[in-house]
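One structure is given below, encoded as structure tokens.
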Amino acid sequence: MNVTRPLSTHQLRERLMQLRRERGNVVPRLDEGSALADLPSNIAQTLSPSLAERLARLRPWVGKERSSKVDPVDVAHFLGGALVDVGVVRIEHSFPLPLQHGRASLNDAFTTPSALFSEKNALPIPVCRTAFLDTETTGLSNGTGTVAFMIGFARFDTNALHVTQWLITSFAGERAMLTALARCLDDVPLIVTFNGAAFDLPLLHTRFRMHNLADPIAACAHADLLPWARRNRLKQWPDARLQTLEREGLGFHRVDDLPGAEVPKAWQQWLTAGAATPLRWALEHNRLDLVTLVALLQRASHHPLSPGRKADPRQAWLFERPTPWPPVPVAAPGSWVRNPWVPKRSGAMQSML
Amino acid sequence: MITCPHTKAMTLMMTTDLFDEAAEQAGYVDPRISLADRRRVPYADGDAVDTMLAFLQRRHRDRIAAEIIQPARAARFAAFPESIHPALRNALRTRGVEALYSHQREAFDAIHAGQHTVIVTPTASGKSLCYNLPVLQAALTRKAKALYLFPTKALAQDQVAEILELNRAAKLGVRAYTFDGDTPGDARQAVRVHGDIVVSNPDMLHQGILPHHTKWAQFFENLAYVVIDELHTYKGVFGSHVANLLRRLKRICAFYKVDPVFILCSATIANPQQLAEHLIGAPVHAITESGAPQGARHLLVWNPPVINADLDLRASARSQSTRLARIATTLGLKSIVFANSRLEVEVITKYMKDTFDADPRKPARVVAYRGGYLPTERRDKEHKLRAGTIDCVVTTSALELGVDIGALDVCILNGYPGTVAAAWQRFGRAGRRQRKAIGILVATSELLDQYIARHPDFFFAASPEHARIDPDQLLINMDHVRCAAFELPFHESDHFGAEDLPSQLDYLAENAVVHRDGAQWHWIADSYPANTVSLRTIAEGNFIVVDITAGGKNIIAEVDYSSAALTLYEGAIYMVQATPWQVEKLDWVGRKAFVRRVDADYYTDAIDYTKLKVLDEFEHAASRADRASHGEVHVVRRVAGYKKIRYYTHENIGYGNVHLPDLEMHTSAVWWQIDPVTLANSFATRHQAIDGFLGAAYALHHIAALVSLAELRDIGRSVGDGNGAWSAVVDARGRGTVRAQDGADLNIEQASSFKPTLFLYDNYPGGIGIAVPLFDQRHTVIERAIQVVASCRCKEGCPACIGPIPPSPAPASATLSPRAAAQRVLGLLGSATASTTPGMAG
């Protein structure tokens, strides 16, 4: 039973023409005079409302799209990386060790505690086989509609910390990005994240499932530093967020950083307006998060495991009694530590169009 | 539906003992009733039912407008299918089930053959076994999983309890879980991974399952059956949403490469097969012959006595219903009273409690059960009903559904519920299987009720209504296109209903909700669309009712957004179990009403009015005198005040003002206008014309509900100016008053333009497709309205024709009576014979 009157082809064409008219295409105008002739004045101004009009009237939204067509190689270059697959840009950075991050000095002298793997796998995992992971996403909600458009991946070798970032410039690149990540996780037994248990890893799991790919993360152990941070933060710190720990605990102050809440917008602006500069800021933001994550693990691993705590065998080692953070001098704005490798977020937004 | 071939069984059914014997011989015991329950609920004394019938027939023969006997029906059994798993058979045997009813076997065979199947059989006919059997069979033999959807959480819990009992009986090892808002977070993972049968509701599927389908990957990969019980509730806006929800479910199933069989169960409606097919978008096999036994049922149409012949005014239905329920309770019969509004439930409950629950130390014999009570209160009442400790329950449509409420003898309908299907569904709640029952429809003085009292054949012979859905209603469809885009990207070649999907998605792309990437559209907005779409109402946010008596802060009830303005205005008397509270403060933004316990000898009833503005005319038909159209309108509804009504006497003892925000919606409507010159020639004053329009609107509204097989409340009526400049309502004298846009009185005789318009509109935001068929049937509607008004025996107007009109002090000849005015308007509207002209012409 159809309760909507089927549109005649004439009406359908009219509605479509109207839709196209709104998109800026030129279509011949109807002779509206004849259609209106026998209608009294107080009824119906518009005779054939388009879909857009009907919806706008019922539930107005705002915003307009401008589609973009730019050479993907140029985009990759602009972002400081290389186009490695259709829609995938890979950006590589290497930081020679030791690396100064705030007052923390990163080196490869620490290993990740082995007790993490309970009795089953008690071998110590050298830090060079540990992967640090952080994603930037299209939104903060769970569910299948949220996509990681950027994956940051960091790993040590003997003399440097290597940061690899994949950024997709279109949805077509997602599969290749995930495949590349999976390849990098091949020989990684441990992943370290900040809030990955609740957010990044389930999201990546969903993305792998959506592409019908096996989830390589399922085979890895996972250390989430957020619970550790919650226990070890000092009371006077406002919260246990990554940037708070970084500022208060490590004495590292970001300048001109793209706020995390604006990261989804950066990707939207790229898609809808072709704006690539915000993507560069998002890349920097992601890189900083990763380096801080490494520095936090180094601090966390300074507290050796006291045996017996096994609420969650994967994370028990991180939950030990807090030891005091080194005193942080109150930083005057001028004395903020600013790493030379962090580019400044400034200048007018540059469009790739 | 009233004829039954199994008259032979009637004698068998006369005594319940005999039936028990027969049942025992057949080796069949109803699996739904545990042995303990059967002992606890004694079979009613057949004599008491006969006593009540005889009493009514002897004393009130004149009030019985019609009487019909539905004969009893014997059981028809069928053998278990050969293929059935031995463990399952064993489980059923331990529960006393040795054979299947014929419809259960038929369902098993059809479902087993992979056909989508709808089962339409009466209450308590062993419907759930129709789906449990094939589902359990598949779970045992091939690890298949099933998703059960019930419209409410309570029904879901009933169902899981039943499966678990069957499961426990023979250690089947099938795991059935409910998954709803109450499922704790840590249990959810277990449900997703281990559940063989997941019992949920559409809202949960919509917000909690589909948007997270990857977490359910294992479940979906093995999903073989989707069971949808209480199919008949999926109509109107809700049904249209659910049809779209099932489109989304099928997309997800396709992603996981499964094609589940849908099993649907419905109460009696005219088009179960069609509704099922429309809902799931595929052909469905229908099973409509029940093999379950059924006790005989005496049905009466009860017309209250005339108390004022001039006005053709009858005693109130409420007092008659209360009286009938009192007789039943006194005779030791268990009864259920259905009222058509929550307010009515509370008033009748109070009257019954005044008689039977005067002693507060004794447990209550009378309870009220309706929507808006807190879940714990409802569970408690359900439990007491099943345990048989309640003698009379007063309820709204809330108990129409399959909530197990034990066995009842008498069912009283306080007023026609608005549809044939609902009336039968309600009658079905009494006299469940093996015994004689009484059903009484007490007619109110409303047009529909009196129509039925005068033409009982109309009711008894009428086919039940069609359940209508419009899955392609643009707003609803768009909501689900958004949700679906979040769940899986759309491809160019995809379809999602009749609307042109690419233009819908392009529209979303323009608004940065999705992004087109090659042949696909991907979700890009930073939001979770399912949270902003409610399947039940378009408006958001329930109100909670907070009791602040003696400094406390207890939540005593919940009220949905659409009825809050009508029940929770400041000054309103709000009742729970007939106990009155008064609303002291209404926090509209915070969605809270603060109430205080009071002792009031009155209750309150809201006065509201509606004005409409035409946005688009899609089609019209015009003659020289009049013009009928349909199209899109903007409706504004305002609660202007309330009346205080004293208990028992029902006199008006005061008014109060209400200041609340307007409720607005866009919907579709049919409207009529009369040429200004013709109108001026036909009526001496504009006021007379307004009276005529209001009276005609009343008659047309009721007839339109009958003709379009909709419920009265599905359609709204209004008389006003086509562009919303003024609107007219009937005042306390039964005459039209005109209000300007700002709500002030308007002197219509002085107004510059006068173009009264009579609207009948679809009473749901966006419309559910009532207007177009109504426009097509407008000649029938007007002809029937003319007949009804012409044949009415009242003088100036009564509820059975153009609405109640109190006697006017002026002699009838001096002025045109509202009824005559309405007849004149209807006559002018009926003159339209011109052919349809699409609004698009040209």
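Consider residue B:431 carefully, then state whether it is over 21 Å from the mean Cα position of the chain (by Cα) and within 10 Å of chain A (Cβ to nearest Cβ). So that I can check it myself, show each step before the final result.
Numbers: over 21 Å from the mean Cα position of the chain (by Cα): yes; within 10 Å of chain A (Cβ to nearest Cβ): no.
No: the conditions fail for residue B:431.
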Top-ranked residue of segment A:242-261 - restricted to ones that are farther than 26 Å from residue A:277 by Cα and touching a helix residue (DSSP H, G or I) at 6+ places or on another chain (Cβ under 8 Å), ranked as surrounded by the most Cβ atoms within 10 Å (Cβ to Cβ): A:245
Looking at (1) over 18 Å from the mean Cα position of the chain (by Cα); (2) surrounded by 24 or more Cβ atoms within 10 Å (Cβ to Cβ), which is the one condition that is false for residue B:767? (1)
Would segment B:531-553 turn up any residue that is in contact with a Ser or Thr (Cβ under 9 Å, 6 or more places away or on another chain), among the charged types (D, E, K, R), under 30 Å from residue B:151 (Cα atoms) and within 14 Å of chain A (Cβ to nearest Cβ)? yes
Long-range neighbours under 7 Å by Cβ, at least six apart or interchain, first residue more than 10 Å from residue B:243 (Cα to Cα) and assigned by TED's automatic domain parsing to the domain that holds residue B:226 within segment B:269-281, second among the small types (Gly, Ala, Ser) and assigned to a helix (DSSP H, G or I): B:269/B:421
Just checking, does segment B:441-454 include any residue being assigned by TED's automatic domain parsing to the domain that holds residue B:320, surrounded by fewer than 21 Cβ atoms within 10 Å (Cβ to Cβ) and touching a strand residue (DSSP E or B) at 6+ places or on another chain (Cβ under 8 Å)? yes
Members of segment B:231-255 found to be within 12 Å of another protein chain (Cβ to nearest Cβ) and touching a strand residue (DSSP E or B) at 6+ places or on another chain (Cβ under 6 Å), listed by number: none
Would you check if there is a residue in segment B:653-661 being over 30 Å from the mean Cα position of the chain (by Cα), closer than 19 Å to residue B:610 by Cβ and crowded, with 18+ Cβ neighbours inside 10 Å? no
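Do we have residue B:611 as over 28 Å from the mean Cα position of the chain (by Cα), charged (D, E, K, R) and either over 30 Å from residue B:352 (Cα atoms) or assigned to a strand (DSSP E or B) (or both) here?
Working: over 28 Å from the mean Cα position of the chain (by Cα): no; charged (D, E, K, R): yes; either over 30 Å from residue B:352 (Cα atoms) or assigned to a strand (DSSP E or B) (or both): yes.
Considered against the rule, which asks whether it is over 28 Å from the mean Cα position of the chain (by Cα), charged (D, E, K, R) and either over 30 Å from residue B:352 (Cα atoms) or assigned to a strand (DSSP E or B) (or both), residue B:611 comes out as no.
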Counting only strands (runs of 3 or more DSSP E) wholly inside segment B:132-238, the ones holding at least 3 residues that are of a type outside the set (Ser, Thr, Tyr) are B:145-149, B:197-200, B:223-228
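Given the criteria of a type outside the set (Val, Ile, Thr), within 28 Å of the chain's Cα centre (by Cα) and modelled with pLDDT of 85 or more, does residue B:596 qualify?
Details: of a type outside the set (Val, Ile, Thr): yes; within 28 Å of the chain's Cα centre (by Cα): no; modelled with pLDDT of 85 or more: yes.
The answer is no for residue B:596.
Name the residue that is farthest from residue B:765 (Cα to Cα), counting only residues in segment B:496-524 that are touching a Phe, Trp or Tyr at 6+ places or on another chain (Cβ under 6 Å) and more than 8 Å from chain A (Cβ to nearest Cβ).
Applying the first criterion (touching a Phe, Trp or Tyr at 6+ places or on another chain (Cβ under 6 Å)) to segment B:496-524 yields B:505, B:511, B:514, B:517, B:521-523.
From what's left, more than 8 Å from chain A (Cβ to nearest Cβ): B:505, B:514, B:521.
Values: B:505: 22, B:514: 25, B:521: 28 Å.
For segment B:496-524, the residue satisfying everything is B:521.
A quick yes/no check of all residues on (1) buried (at least 23 other Cβ atoms within 10 Å of the Cβ); (2) touching a Pro at 6+ places or on another chain (Cβ under 9 Å); (3) farther than 30 Å from residue B:263 by Cα:
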position	(1), (2), (3)
B:290	no, yes, no
B:298	no, no, yes
B:326	no, no, yes
B:332	no, no, yes
B:340	no, yes, yes
B:348	yes, no, yes
B:358	no, no, yes
B:364	no, no, yes
Which condition number in (1) assigned to a helix (DSSP H, G or I); (2) on the phi > 0 side of the Ramachandran plot is the one that residue B:460 fails? (2)
Could you figure out which of (1) aliphatic (A, V, I, L, M); (2) modelled with pLDDT under 90; (3) over 30 Å from residue B:65 (Cβ atoms); (4) touching a strand residue (DSSP E or B) at 6+ places or on another chain (Cβ under 7 Å) isn't true of residue B:258? (2)
Applying the selection to segment A:139-168, what residues are out of contact with any strand residue (DSSP E or B) (no Cβ under 6 Å at 6 or more places or on another chain) and among the β-branched types (Val, Ile, Thr)? A:144, A:147, A:158
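I'm checking my understanding of the structure. Among residues of segment B:477-495 that are surrounded by fewer than 21 Cβ atoms within 10 Å (Cβ to Cβ) and either in contact (Cβ under 8 Å) with a residue 60 or more places away in the chain or closer than 19 Å to residue B:249 by Cβ (or both), which one is nearest to the other protein chains (Cβ to nearest Cβ)?
The first filter runs over segment B:477-495 and keeps only residues surrounded by fewer than 21 Cβ atoms within 10 Å (Cβ to Cβ), leaving B:491-495.
In the following step, the residues that additionally are either in contact (Cβ under 8 Å) with a residue 60 or more places away in the chain or closer than 19 Å to residue B:249 by Cβ (or both) were identified as B:491, B:494-495.
Numbers: B:491: 12, B:494: 15, B:495: 16 Å.
Ranking the candidates gives B:491 first.
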Here the qualifying pairs (Cβ atoms under 8 Å; residues six or more apart or on different chains; first in segment A:266-288 and within 14 Å of chain B (Cβ to nearest Cβ) and touching a residue at least 12 places away in the same chain (Cβ under 8 Å); second crowded, with 21+ Cβ neighbours inside 10 Å and among the acidic types (Asp, Glu)) come out as A:267/A:136; A:282/A:136
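The values are calculated or read from the model by the stated rules, or taken from the named source; none is laboratory data. Note that the coordinates shown come from a computational prediction; the quantities given were computed from them, not determined experimentally. Using ideal geometry, Cβ is built from the backbone for each residue, glycine included, and neighbour counts are taken over all protein chains shown.
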